[in-house]
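To start, the structure itself, in structure tokens.
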Amino acid sequence: MRDRSLVSVCLPLPVPTAFTYGVPEGLRDGLVPGRRVRVPFGARTMDGWCVGFPEPADLPDEPPPKNVPKKGPRKGTAPKKTREMKVIEAVLDDGPLLGPAMLDLSHWIAETYACAWGEALSACVPAGVRSGASAATVLHAKLAIPEDEAREAVAKFAEKQTKRSRMLAILMEHPEGLAVRDLVRAAHCSDSPAKTLARHGLITIEDRPVDSDPFAGALPEPPADVTLSDAQEIALTALYEAVNARRHAGFLLHGVTSSGKTEVYLRTIRAVVESGRQAIVLVPEISLTPQTVARFRGWFERVAVLHSGLTDAERRRQWHRIRAGNADVVIGPRSAVFAPVPALGLIVLDEEHEGSFKQQSAPRYHARDVAIERARRAGAVVMLGTATPSLETWWKTHKGQLRLLRLPSRVGTGKLPKVEIIDMVREGLETKRRDLLSRRLVEVIKRTLRRKQQAILFLNRRGFSTSVYCSRCGGTLKCSRCSVSVTFHRSHGTVLCHPCGVERPMPRQCPDCSTPGLARLGAGTERLEDAVRACFPGVRFARMDSDSMHDRDSYERVLGAFRRGEVDLLLGTQMIAKGLHFPRVTAVGVVSADASLLVPDFRAAERTFQLVAQVAGRAGRSDDPGVVVVQTIQPTHPALLHAAKHDFEAFAAHESAERARFHWPPHSRLVRVVVSAKVDIAARNRAKEVADVLRGCLPPDCHDVLGPARCPIERIRSNFRWHVVLRAADEPVQRAAILRLRRLGARVRGADLTIDVDPADLT
């Protein structure tokens, strides 16, 4: 038996190595890899993970003392003390939280995504499980003053304390109060303003018990009597064969919108459950609604949900329930890929192209690739489903890494909608105006409303105006901490920096030349509201964006009203663009299809195609034909033309050829290194060092190093940003670069270094 007097401990810190601690004899029983321990670290204690037991002979020798005279220390000086090894203070939990398979997977994540093993280990277990959360309570905020006094306070704080003003305004809209976490999310700030308001007696904050399962009311929706299409039958035959073989297999289920992908998911999951195994279903966070859960609960009795809307206590309860084998199906966003199911048989990744599957903080993993790797190790099936696959996933089907299953047409009598592209430059020349809604789009929506049908308007920009400028000197109002233009939000009378969240009152004059009055350009969803009121008087409409969705129930309240026919027109950002099924929607308008095309990123065309194709898919999902009007100033752009034809394969062929010319993914593997510092020259010099290291450690014929260059967003939160992008010919070259980069350290000489493997964007 291996000696357990020493233990290797990984801490949740950005350090690449494990630390060795001694183990007191009384703590050795039950200490196994995957179990947590409490250890001293510097002047504090931390909770870490046991990952192994090194032998004393494996430890490095104590380095020889320097500058010691041969004849011993000088008279009057004490000999240098040898540092004593620290010992662990406690063994935590009732047993290991992670088994050997998850330990190995977390190590793979650390090596693949250039993060510390301790960071990857902590990502595998929810915080509520690690903290032992037990109390299902939440802090609740509510107005403590009459509404007229609150209105006066809102006006009083509007000039200098905008966050307090905004919080009071939000609470005025919710007389019953809000959870503090929902309040701060809606106000785009910390909880500090709420505490200040409570201290002054304007609001009350109290601890309340909650029903911590937001899907407790999702009553099972019985399976419908569905006649499968021929394409669905073919797909299911292949999936059943893979499930019954109990071997790893990977599939891409490429089906147009409303082609019955969910039905294929459900039937495949049923086969897995009947075989005594479990399934994990990953969905974008915004798609996780009570209706989604209700449909799965109609098919399966034991369904668990893991997502950020749960309290720590509820997430802990669900996690332990899953680990005990008391859940056959686990539904959740990207972090649910780590759900501790005892016998994994299937992982489904719905809307696999969604950017939310990429984690933006360490560990910066992509749930799609982690799902494929976990399924491979477990001998399970993985199924990726979407109407608009990412080019990386599409490329995997051509290389034989995934098997392609097609659902080329809608189920039942539904037909793909007709898509019309409107040239807004020509529209402006003909009308001599700069209207937000084209004549054709207004005509289509009016006709839809007359027929008592429903419409959707999509604009992927928040706020009222996307930029504020001075008509005299031409200066654009920018954030004081970031190199981006601020957005005017009329509902709060403020300008907001979306990258960092800093907000201030709308200036009354130009800060550069003092000219009174500032002009506003661009349009967001708030301005779209004005256009809707002007063009469609009396219409019942609702807006859905991150500004109007104040709490976790807002999304479902609005969708529920739309589903019941209490709302005729729904407008909003990308949260209304996908995953929604409303049979009475026959008209969809894409107000500014160019917004995502203007982003300086090689994936701009791909994202534009996906957004337009997905939002177009909301129309014509029943017997009534649908019409989609796409407004643009680039009417001949290939992404829009192919989206109008619902032709993903033609778009993928064109875009893949363009990417191949410049060696962008999927024809290469990327590693992006972002260096940020308070001093510009420090960030630049550090980025140059990174570029030199990459150029010097790899053969020149198998990689391309771009940079150093300023990031498209040069400054965020007062930090200057430079980046270096490595385009590697293949995965082995990418891994060699990652290994070299990890040795540079996460923070050196006043500059932060972030390594992003397979980055989702380059801004």
Want the number for Arg302 to Ile681: 0.36 nm per residue separation, take away the alpha-carbon distance, what's left? 130.7 nm
Name the residues whose placed amide hydrogens come within less than 5 Å of the amide hydrogen of His353, ignoring near sequence neighbours (fewer than 5 apart) on the same chain. Ser390
What Cys residues in the chain are without a partner cysteine, judged by a Cβ distance under 4.7 Å? Cys10, Cys50, Cys115, Cys124, Cys189, Cys500, Cys535, Cys697, Cys702, Cys711
List every residue whose amide H lies under 5 Å from the amide H of Ala179, counting only residues 5 or more places away in sequence or on a different chain, with H placed 1.01 Å from N in the peptide plane. Ala141
As I understand it, the dipole of region 440-569 uses +1 on the Cβ of Lys and Arg and -1 on the Cβ of Asp and Glu, about the Cα centre. Which of Thr494, Leu521, Leu441 lies farthest toward its positive end? Leu441
Positive-end extreme of charge dipole, the chain - chosen from Val590, Ala677, Leu559 (charges on Cβ): Ala677
Any idea what the dipole of the chain comes to, in debye rounded to 20, about its Cα centre with Lys/Arg Cβ at +1 and Asp/Glu Cβ at -1? 2000
Inter-centroid distance (Cα atoms) of region 122-175 relative to region 437-497, Å: 27
For region 498-509, just list the computed ³J(HN,Hα) in residue order, Karplus coefficients 6.51, -1.76 and 1.60, θ = phi - 60°, integers in Hz, with x standing in for Gly and Pro. 5, x, 10, x, 5, 10, 8, x, 4, x, 8, 8
So for the chain, averaging the separation of alpha carbon pairs under 8 Å that are six or more residues apart and normalising by length, what relative contact order in percent results? 11
What ³J(HN,Hα) values, in whole Hz, does the Karplus curve 6.51 cos²θ - 1.76 cosθ + 1.60 give for region 411-421 when θ = phi - 60°, with x put for Gly and Pro? 7, x, 9, x, 10, 4, x, 6, 10, 10, 9
How would you classify region 555-618 from its alpha-carbon gyration tensor, with a ≥ b ≥ c the square roots of the eigenvalues: rounded for a/c under 1.5, else prolate if a/b is greater than b/c, otherwise oblate? prolate
Please list the three semi-axes, largest first and in whole Å, of the ellipsoid equivalent to region 361-512, using sqrt of 5 times the eigenvalues of its alpha carbon gyration tensor. 41, 30, 15
Nearest-20 debye value, region 137-209 charge dipole, Cβ charges on Lys, Arg, Asp, Glu: 360
Take the Cα atoms of region 669-757, build their convex hull, and give its volume per residue in Å³. 77
Between Val303, Gln278, Val293, whose Cα lies farthest towards the positive end of the dipole of region 276-317 when Lys and Arg beta carbons carry +1 and Asp and Glu beta carbons carry -1, centred on the Cα centre? Gln278
Here the averaged projected area of region 515-601, based on the convex hull of its alpha-carbon atoms and given in nm², is 8.6
Report, by chain and number, residues whose modeled amide H sits under 5 Å from the one on Arg403, excluding near sequence neighbours (fewer than 5 apart, same chain). Gly250, Phe251, Leu252
Debye log10 I(q)/I(0) at q = 0.13, 0.25, 0.26 Å⁻¹ for region 465-522, Cα point scatterers: -0.27, -1.02, -1.10
At 1.567 mPa s and 4 °C, plugging the Kirkwood radius over alpha-carbon pairs of region 84-135 into Stokes-Einstein gives what diffusion coefficient in µm²/s? 102
Multiply the residue gap between Asp29 and Ser5 by 0.36 nm, knock off their C-alpha separation, and tell me the result in nm, one decimal place. 7.6 nm
Order of 703-709, 653-659 by packing, highest average Cβ count within 10 Å first? 703-709, 653-659
If packing is taken as the mean number of other Cβ atoms within 10 Å per residue, what is the order of 376-383, 516-523, highest first? 376-383, 516-523
Principal axis dimensions, region 219-334 - Cα atoms, whole angstrom, descending: 45, 30, 25
To the nearest 20 debye, what is the magnitude of the charge dipole of region 465-522 about its Cα centre, counting +1 on the Cβ of each Lys and Arg and -1 on the Cβ of each Asp and Glu? 60
Cα-Cα pairs of region 290-440 separated by more than 20 Å (percent): 64
Which log10 I(q)/I(0) values does the chain give at q = 0.11 Å⁻¹ under the Debye formula, counting every alpha carbon as one identical point scatterer? -1.49
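Any read-out appearing in this document is the output of simple, stated calculations on the displayed coordinates, not a laboratory observation. All values reported here derive from a predicted model rather than from experimental measurement. We place every Cβ from the backbone using ideal geometry, glycine too, and count neighbours over all the protein chains shown.
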